[in-house]
Amino acid sequence: MANERDKVLSAVRELHEATRAQAPGFIAGKTYVPASAKTVDASDLVTLVDSCLDGWFTGGRFTRDFEEQLASRLARKTTALFVNSGSSANLLAVGALGLEPGDEVITVAAGFPTTLNPILQYGCVPVFVDIDLATLNALPEAIMAAKTAKTRAVVLSHTLGNPYEVRELAEWCRREKLLLVEDCCDALGATYGGAPVGSFGDFATLSFYPAHQITTGEGGALVARDAKLRRAAESLRDWGRDCWCDTGRDNTCGKRFDWQLGGLPHGYDHKYTYSSIGYNLKATDMQAALGLSQLQRLDEFVSARRRNWKALYDGVHQSPLLSRRFTTSEATKGSEPSWFGFALTCEPGLERKKIVSRLEEKMVGTRLLFAGNLIRQPAYAGIKHRVAGSLANTDEVMRRTFWIGVHPGVDAPRLAYMLEQLEAVSRGA
């Protein structure tokens, strides 16, 4: 049977290579350049099919390896938890902190909804601070000034793969006895002060949606500071159960029928004992297999993103027109970003809507900085919240900022075309 399996996997590799060889090349003005895209090779598909042939579709051998290697990449001693999305990772991280309704959580309004949503879903009060226009991240001093006696946690994402000043913030949180969740969904592979993002907070969260640095299709993960926090998140992920046996395994604790918990009779099956109100947010072993294969090329992917970001940055700043009409974001001092996109802010008087519409017509994909200002979104009208200071920069980003792609699928001809079209649409705007 092993020989038959090898034949199947060899055929998968051959089919991928043949399909790739027949794919049309880039045609300027005809081939769309997406703002984000996955990069999948034959090894990824072989590993994916290999997991399918196991016939074990929930978490298994690939999941265990993926969780261990993810934790190692983030310099964590506790094993990661693989989940069905980055949004679920944020939900579990906030849920496992032990916050109470009414507790304040500091965050930003210039972000993605699922960084904010868990704060609201657990009855906490978001406290919004403004961002720095250069890095598109909140500055530590703004976060520190927002603290009150009700503040219990800080939940922040590393915007577009650009780290915020996370070491300083984590040290302050420890001194103030606050909890920190690093949303690294856009930033896997970035470092701050030489240490990987995700290694500083009480929790780090990741997304493996196809737009991100590596993909599992749908999928995400979280990594905890210690075993206690990990256990709390694992229970929430797995229906709220008290049992910690891996899928397909029984009696890890050695006393499956010898517990006395809650009002249950002595010896009630530990596999059906629930200590928290949880969900089922697990992912499949097939997704983990794809992620495990992709993780081997993370450094390659991150290098390509940095190279592409630098090419666009140089192209804009070397152009008298573009350098006058746009402001580019900047890497946080002391960081090595894992760029998710190349952000541009239109000068006052330059209509962003016209720019992005014309770029899309010319087959250059664009995106805004997610929700812009979350509290101006219809979903959040009337939520209980507090704004610390002004959100003037957040509103500027909402009105004038957009980004274009730097993913590994952007090669030299595409970069040249993107800069050419950016110049053309700017000249006519």
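Among the residues in segment 360-378, are any of a type in the set (S, T, N, Q) and over 27 Å from the mean Cα position of the chain (by Cα)? No: segment 360-378 contains no residue that is of a type in the set (S, T, N, Q) and over 27 Å from the mean Cα position of the chain (by Cα). Inside segment 190-211, residues that are crowded, with 24+ Cβ neighbours inside 10 Å and either touching a Gly at 6+ places or on another chain (Cβ under 8 Å) or assigned to a strand (DSSP E or B) (or both) make up a count of 8. Among the residues of segment 212-225, the ones that are closer than 11 Å to ALA80 by Cα and outside any strand (DSSP E or B) come to 1 in all.
Only one of the numbered conditions (1) in a helix (DSSP H, G or I); (2) closer than 26 Å to ALA138 by Cβ is not met by PRO348, and that is (1).
Number of residues in segment 143-173 that are surrounded by fewer than 18 Cβ atoms within 10 Å (Cβ to Cβ) and among the small types (Gly, Ala, Ser) equals 2. Of all residues in segment 11-25, those that are surrounded by 14 or more Cβ atoms within 10 Å (Cβ to Cβ) and under 24 Å from ALA412 (Cα atoms) total 1.
When ALA35, ALA75, ALA93 are checked against the criterion of being in contact with a strand residue (DSSP E or B) (Cβ under 7 Å, 6 or more places away or on another chain), within 24 Å of ASP299 (Cα to Cα) and buried (at least 17 other Cβ atoms within 10 Å of the Cβ), a single residue qualifies: ALA35. Could you tell me how many of the residues in segment 374-408 are assigned to a loop (DSSP other than H, G, I, E, B), touching a strand residue (DSSP E or B) at 6+ places or on another chain (Cβ under 6 Å) and within 16 Å of PHE128 (Cα to Cα)? Counting residues in segment 374-408 that are assigned to a loop (DSSP other than H, G, I, E, B), touching a strand residue (DSSP E or B) at 6+ places or on another chain (Cβ under 6 Å) and within 16 Å of PHE128 (Cα to Cα) gives 3. Among residues of segment 196-215 that are on the phi > 0 side of the Ramachandran plot, those with a Cβ under 8 angstrom from a residue that is surrounded by 24 or more Cβ atoms within 10 Å (Cβ to Cβ), sequence gap 6+ or separate chain, pair up as GLY198/GLU182; GLY198/CYS184; GLY198/ALA187; GLY198/LEU188; GLY198/ALA204; GLY198/LEU206; GLY198/VAL223. Whenever a residue of segment 314-339 is at positive phi, its partners that are of a type outside the set (Phe, Trp, Tyr) and assigned to a loop (DSSP other than H, G, I, E, B), lying with C-beta atoms within less than 8 angstrom and at least six residues away or across chains, give the pairs GLY334/GLU165; GLY334/GLY193.
Here segment 114-142 is the region considered, the condition is being acidic (Asp, Glu) and part of a loop (DSSP other than H, G, I, E, B), and the residue that is surrounded by the most Cβ atoms within 10 Å (Cβ to Cβ) is ASP130. When the residues of segment 229-270 are filtered to those that are part of a loop (DSSP other than H, G, I, E, B) and in contact with a strand residue (DSSP E or B) (Cβ under 7 Å, 6 or more places away or on another chain), the one that is nearest to LYS282 (Cα to Cα) is TRP239. The criterion of at least 3 residues that are modelled with pLDDT of 95 or more and touching a His at 6+ places or on another chain (Cβ under 9 Å) is met by the following helices (runs of 4 or more DSSP H) wholly inside segment 272-331: 298-317.
Looking at segment 27-106, the helices (runs of 4 or more DSSP H) lying wholly inside it that each contain 3 or more residues that are within 16 Å of the chain's Cα centre (by Cα) sit at 61-73, 86-95. Among the residues making up segment 144-178, those that are in contact with a helix residue (DSSP H, G or I) (Cβ under 7 Å, 6 or more places away or on another chain) and in a strand (DSSP E or B) are VAL154, VAL155, SER157.
The values are calculated or read from the model by the stated rules, or taken from the named source; none is laboratory data. Predicted model only: the values in this text are computed from it and were never measured. No Cβ is skipped: glycine too gets one built from the backbone with ideal geometry, and neighbour counts run over all protein chains shown.
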